Amino acid sequence: MRSTKSVYRRVLKKRDEDEKIPENEIRLTARGTANRYIARAAELFLDKEKNLDTIILKAAGAAIPVLCVATEIIRRRVFELHQITNITYSSVVDEYEPTEEGLDVV
């Protein structure tokens, strides 16, 4: 008897390439260091041409502790900076297709 895992494979979803990240948004990953994101935020705040007054930091999963550290350091280093925190969730639905005939898509 074969296992369910060997009978199905996950369908890879295509990302929207048209979706552009706004200039004031920084997406954090667990691999990146907090210093890298702090430097990027400072670069955005100090750029006279862009004149940004808002920066959005986004993270998920294992990157959330990195986000917390980076946010606190940025808030303390930039004069007269205020922080607004929004916590949201997103649900992920994986789709599996059968590798053999006669089985349904799960």
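Miscellaneous remarks
- Near Tyr8, the amide H atoms lying under 5 Å from its own belong to Thr99; only residues 5 or more places off or on other chains count, and H is placed 1.01 Å from N.
- Additional length obtainable on full extension of the chain from Asn24 to Ser90, 0.36 nm per residue less Cα span: 21.6 nm
- Taking every DSSP helix (H) stretch of at least 4 residues in the chain, weighting each as -39,500 (n - 2.57) and dividing the sum by the residue count yields a mean residue ellipticity at 222 nm of -8500 deg cm²/dmol.
- Residues whose amide H falls under 5 Å from that of Ile26, counting only those 5 or more places apart or on a different chain, are Ile56, Leu57, Lys58, with hydrogens built in the peptide plane.
- Contour minus Cα-Cα distance for Arg2 and Asp47 (0.36 nm per residue): 10.3 nm
- In the chain, the alpha-carbon atoms span a convex hull of 141 Å³ per residue.
- Bins of 10 Å from zero: percent of alpha-carbon pairs in segment 21-83: 22, 58, 19, 1
- For the chain, the longest principal axis of the alpha carbon atoms and the long axis of helix 34-46 meet at an angle near 50°.
- Neighbour net charge for Ile26 - beta-carbon separation under 11 angstrom, K R +1, D E -1: +1
- Site pair Glu97 and Arg15 shows an inter-label distance of 2.1 nm when each label is modelled 7 Å from Cα along Cα→Cβ.
- Derived scalar couplings ³J(HN,Hα) [segment 64-77; Karplus, 6.51 cos²θ - 1.76 cosθ + 1.60; whole Hz; x for Gly, Pro]: 5, x, 5, 4, 4, 5, 4, 4, 5, 5, 4, 5, 7, 7
Taken together, the values in this text are just the output of simple stated rules run on the coordinates, not laboratory data. These numbers were taken from a predicted model, which means no experiment stands behind them. No Cβ is skipped: glycine too gets one built from the backbone with ideal geometry, and neighbour counts run over all protein chains shown.
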